[in-house]
Structures are given as structure tokens and as C-alpha cells.
Amino acid sequence: MADSPIYDVLVIGAGCGGCSAAMYAARFGMKVLMLGELPGGTITQTHVVENYPGFETITGLELGERLLKHAQAYGAELKMEKALKVEKKADGTFATTTDAEATYLSRTLIAATGAEWKKLGAPGEKEYANKGVHYCALCDGSFYKGKTIAVVGSGDSAAKESQLLAEYGAHVYVFVRGHELHGEPINNKRVAANPKITVFTDVQIREIAGQPKGKMTHLKLTKPCAPMVKQADGSLKPGQPTDSFPADALFVLIGHSPLSILLKEMGVELNARAEVKVDRLMRTNIEGVYAAGDVNDSEFKQAIVSASDGVVAAYSAHQLLEKKK
Ligand SMILES: Cc1cc2nc3c(=O)[nH]c(=O)nc-3n(C[C@H](O)[C@H](O)[C@H](O)COP(=O)(O)OP(=O)(O)OC[C@H]3O[C@@H](n4cnc5c(N)ncnc54)[C@H](O)[C@@H]3O)c2cc1C
């Protein structure tokens, strides 16, 4: 065990929730350690953010970097380590062990671990991972300049990221399982107005197919859909519908699963979606443990909501320590 000092709060996660929690906690005069494998968090993996109050438009990367710097400016320490285990000790403190074989002690704990990309579960997804199948448009979209790109998903991520992918690809096809795309209305309108994006509804991807040990080449669909075909005058028209749809890439944008396993293992209550149950003060069922952002059971998973949760969690942790003085 550690020669670690006892931190007032250990924040697991360095995204919008974690950085905001760390910034507030540091300003409350608490000794703060923030652990984060991905500094700045998930928001750094989207191209532009247009709905974070105070910024009409900002790149996701810049927003993540600013949040991180803000927390560090007030003295929060950051270590880019993965927390592997958290234990509540008999004296009420927490011991967090990381992949750097370090153990950190803290009086309170804020989990802001976010969520991971959901997998589609279709045959071929694993085989063609990074050989056509991707989850992050900003990270991998530029590999497909001038290519045919497919997107599967029906929420705001699909609506937003297909616009970015259309900047790279020759054409982007969005496959929606339900009757319509339900992103933010402004993003739905932009998709509808973009001549490089075609949306197919009421269709699912049965299989991702391609060359053996090579790249993906097409998608097997539950119903025939018509790829766009270039005409002699350069315009595009729908061609012959096919259920074996040619595509160089598939971006799977079907949502996220909360990264709540660490808390579950220490006895924190989760809901049926494996999100951490919290009250309005971000308190879990274990005293001194708080959960902020996409990992908790908040309904609306957005950067500003995570930031707000982080602030409230820091406030609650501070209140608890004040009470115990
Ligand atoms: C493609 C896409 C586009 C989006 N666009 C927008 C948008 O335009 N506007 C908007 O408001 N929201 C948007 N969102 C949602 C937004 O990104 C999230 O709501 C927000 O980033 C969640 O913040 P968080 O702090 O809860 O989690 P995250 O940002 O996911 O951060 C989690 C942090 O925890 C760390 N972590 C996880 N497990 C461990 C561990 N065991 N040990 C150490 N560290 C760990 C990660 O490395 C990371 O630092 C978008 C999301 C996606 C995927």
C-alpha cells in the first residue's frame, strides 16, 4: 500500500463531469486527485459542440482541454491511470488501486467514468473492427476520404457525426432501425438538407461482410436499400435496391453503456441499465461516494449535464467533510 497522501476527494474520470468536480473541489480547498485514461473525456472525440453554454461553437477537443486546464489551474492533480479497484476501508476512507500499481487513499470518491460505445452485436463486427468498423467518427472518419461510409444509429450522435463523415466520404448512408432519425431537430434538418447523406429507415444490419482477413466490403441488410449511382452528368440518383449494400466503412453510433463496474463491485446500487443510482446531490447509497455525468442515472446525457453533476458532487463531498470536522 501506498505512501499516498490522503486526498480529500479522488475523482475517477477526467471528462466534463470529472474536470468540473475536480475544479470545484479544488476551489473548496480540498486536496484533489483526478484519474483519467482519456484526458478531457468523450467530448474530445466529437468534432464540434454547439450547445455548451458560453460557447456558440467550440471543437470537442478544445472544450475538453479547457475543462482539464481549469481544474488543474486550481490545484487538482491529474494522473493518467486506470482505476482497477476501489475499496471502502474500515476507517471509512477509500483505497483506489490503478494499473500503475499505485494505491491512492481518499476521504471521498467521485466516479465520473462516463460510458463506452455500445457494440452492434452483428456478425462480422469483431472481425472487421478497425478494418471498416469504427465507433468514433472524429478519430477514424478521415481514413475514408472519397469512400462510401455507412452509419448505424438513430440518435443525435448519428445525426451529428454523419455530417462530419459527409465531409470526408463520397456519400454517407445512415441506417435507422426505427421509423425516423431522432437527433436534435437542428441536426435532423441539416442531415435532410445534406445532398451527401441518405437516410434509410426501418432497416437493420444483419451482418458486416468483406474479404476474409481483409477489409469490410458490404453490409447485409434486413431489406433492400438503393445506393446512389453517379449519372453521366455527374448527378446522383438511387440505383438498384439491394440487401447486400456496398460500403467501405461502418460507424456504429448506437449509444453508450455506463462504466459503472468499479462502483458495482464495491456495493453501489445500479439501475436496470447499469447506471449508478444517485439523488439530487449526486449521492449514492454508500456514504462518501458520488457519481457524476454519463455514468449516473440522469436522463439527458450531455456535456453540460455532466459538468453540472460534477459540480454538485464536489459540493456534496465538501459538505460531508465539513460535517465530519
Ligand atoms: C459522438 C458524440 C458526440 C457528442 N456530442 C455532444 C454535443 O455536441 N454536446 C453535448 O453536450 N454532448 C455531446 N456528447 C455527449 C458528451 O460527450 C457526454 O455527455 C460527456 O462527455 C460525458 O461526460 P462524462 O464526464 O460523464 O464522461 P466522459 O466524458 O466519458 O469521461 C469519462 C472519463 O472517465 C475516464 N475513465 C473511465 N473509466 C476509468 C477508470 N476505470 N479509471 C480511470 N479513468 C476512467 C475516461 O478516461 C474519461 O476521462 C457527445 C457524445 C458522443 C459520443
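The values are calculated or read from the model by the stated rules, or taken from the named source; none is laboratory data. Small disclaimer: the values here were computed from a predicted structure and weren't measured. Cβ coordinates were reconstructed from backbone atoms using ideal geometry, including for glycine residues, and neighbour counts include every protein chain displayed. Remember, those area values only see protein heavy atoms, side chains included, never the ligands or the DNA or RNA. Shrake-Rupley method; radii C 1.70, N 1.55, O 1.52, S 1.80 Å.
Computed on the Cα trace of segment 87-126, the radius of gyration divided by the Kirkwood hydrodynamic radius gives Rg/Rh = 1.26.
With the whole protein complex present, Leu259 retains an accessible surface near 70 Å², based on a 1.4 Å probe.
Counting only lysines at least 8 places from Lys223 when in the same chain, those with an alpha carbon closer than 29 Å to its own are Lys118, Lys119, Lys126, Lys131, Lys145, Lys147, Lys160, Lys189, Lys196, Lys213, Lys215, Lys237. Simple point charges give the picture: +1 on the Cβ of Lys and Arg, -1 on the Cβ of Asp and Glu, and for the chain a dipole about the Cα centre of about 360 debye. Note on Lys69: lysines with a C-alpha under 16 Å away, same-chain residues under 8 apart excluded, are Lys79.
The distance from the alpha carbon centre of segment 137-152 to that of segment 309-325 is 43 Å, rounded to a whole number.
For the chain, with a Gaussian network of springs between Cα atoms less than 10 Å apart, report the residue from Ala22, Ala159, Ala122 with the top mean-square fluctuation. Fluctuation is largest for Ala122.
One Cα centroid belongs to segment 208-250, the other to segment 162-192; the line between them spans 17 Å. With all projection directions averaged, the alpha carbon convex hull of the chain covers 18.3 nm².
Shape class for segment 1-49: oblate, because the ratio a/c of the largest to smallest gyration tensor axis (alpha-carbon atoms, square roots of eigenvalues) is 1.5 or more and b/c is at least a/b. Taking all protein chains together and a 1.4 Å probe, the residues Val9, Val48 rank Val48, Val9 from largest to smallest accessible area. Placing a label point 7 Å from the Cα of Lys89 along the Cα-to-Cβ direction, the residues of segment 282-297 whose backbone N falls under 20 Å from that point are 286-290. Sorted from greatest to least, the principal axis extents spanned by the alpha carbons of segment 257-325 come out as 38, 28, 16 Å.
Carbon-plus-sulfur accessible fraction, the chain (probe radius 1.4 Å, protein heavy atoms only): 51%.
Cysteine residues of the chain whose Cβ has no partner cysteine Cβ closer than 4.7 Å: Cys16, Cys19, Cys225. Ordering Glu184, Glu265 by accessible surface, largest first, gives Glu265, Glu184; the 1.4 Å probe counts only protein heavy atoms, with every chain in place.
Quick one: grab the alpha carbon gyration tensor of segment 36-161, order the square roots of its eigenvalues as a ≥ b ≥ c, and give me rounded if a/c is under 1.5, else prolate or oblate depending on whether a/b is larger than b/c. Cα axes put segment 36-161 in the oblate bin. The shape of segment 110-181 comes out rounded: with a ≥ b ≥ c from the C-alpha gyration tensor, a/c is under 1.5.
A 1.4 Å probe run over segment 92-211, with the rest of the protein chains in place, finds 45 Å² accessible per residue. Exposure check, 1.4 Å probe, all protein chains in place: Thr113 carries approximately 40 Å² of accessible surface. Considering helices alone, the calculated mean residue ellipticity of the chain at 222 nm is -7500 deg cm²/dmol, with DSSP H runs of length four and up weighted by -39500 (n - 2.57) and normalised per residue.
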